[in-house]
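See structure below.
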Amino acid sequence: SFCHGGTAAINALLTRSGVKVGLLTTKGFEDTLAMGRVDQKIAGLSEAERIQVHLLNKAEPIVPRHLIKGLVERIDSKGHEVVALDHDDACRQIDALAAEGVDAIAICLLWSFLDPTHEREVRRLVRERHPGIFVCSSSELAPVIGEYERMTTAVINAYLAPITSRYLTSLHRKLQARGLTHPLLIVQNG
C-alpha cells in the first residue's frame, strides 16, 4: 500500500497560485466575499494583537470582483422559491466567466442549503456549456447557514481542486507505472 500526505493544496493557497476562479451568486450579493464577516480581521488573534486591529488589512479575495456574477433567482429563509432561476441570465453569466478564461466556477446562492435546486441547475448548465471548467456548489460542500462561510468554502475548493486533482492523478499514474496495484491512500489533517 502507499499512503501519502502532502502540502500541494495549502502551498497553492498560501502562495496564491491556485487556478483562476469565477463565482456565481444571487444577484445583489456579489460583494459578500469582499465584505466578509465583522470579525474576519481579528479571528484567531490574541487580545494584544486585537488592540492593533486598525493596522491590519483584510486579505484580497481570491476571486476579483469582475469575476463575480449575480444571478436572477431567490430562495427565501424557509427554503421556498421566491424568484425562479432565470436560465437565460444564468447562461449569459456562465458564458461571461468562460470568456474571461476561468478554470473553475464556484456557486453560492442564498439559502441553497435549504433548497439546492437552483445551485444544482446552475452547476448542470456550467457542465453542459463548458465541460472543461471545474464547477462546485456550496450546498454540496457546506450545507450550513451563513452565505459567507459557504461562499468561502466553495471558492477555496474551486481554487484548489483542479491543482490537487492534477497532482494526485499524476502521482497515482506514476505509482501504477511502478507496480502499485492497491488504491492510493491520502492522509488528511482535518
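Computed from the coordinates by the stated procedures, all read-outs in this text should not be read as laboratory data. Bear in mind the structure is a predicted one, so any value in this text is a computation, not a measurement. Here Cβ is always computed from backbone atoms with ideal geometry, including for glycine, and neighbour counts include all displayed protein chains.
Observations, loosely collected:
- Near TRP111, once Lys and Arg are set to +1 and Asp and Glu to -1 for all other residues with Cβ below 13 Å from its Cβ, the sum equals -3.
- Remark: spin-label model distance SER165-GLU149 equals 2.7 nm, labels positioned 7 Å along the Cα→Cβ axis.
- DSSP bridge orientation in the chain - percent antiparallel, rounded to nearest 5: 10 percent
- Taking θ as phi - 60° and the Karplus parameters 6.51, -1.76 and 1.60, the scalar couplings of segment 78-86 work out to 9, x, 9, 6, 9, 10, 5, 5, 7 Hz in sequence order, x denoting glycine and proline.
- Only lysines eight or more places from LYS174 in sequence, or on another chain, were considered; none has a Cα closer than 20 Å.
- Estimated [θ] at 222 nm from DSSP helical runs (n ≥ 4, -39500 (n - 2.57)) normalised by residues in the chain, nearest 500: -12500 deg cm²/dmol
- Sorting the segments 22-31, 161-170 by their residues' average number of neighbouring beta-carbon atoms within 10 angstrom, most packed first, yields 22-31, 161-170.
- Peptides ranked, highest mean first, by Cβ atoms within 10 Å: ranges 67-78, 176-187: 67-78, 176-187
- Relative contact order (%) - criterion: Cα under 8 Å, at least six apart; region: the chain: 31 percent
- Count of Lys pairs (Cα-Cα under 22 Å; at least 8 positions apart or interchain) in segment 1-106: 6
- Spin-label model distance (nm) - ASN11 vs LEU180, 7 Å beyond Cα toward Cβ: 1.6 nm
- Cα centroid separation - segment 5-54 against segment 55-124, whole Å: 18 Å
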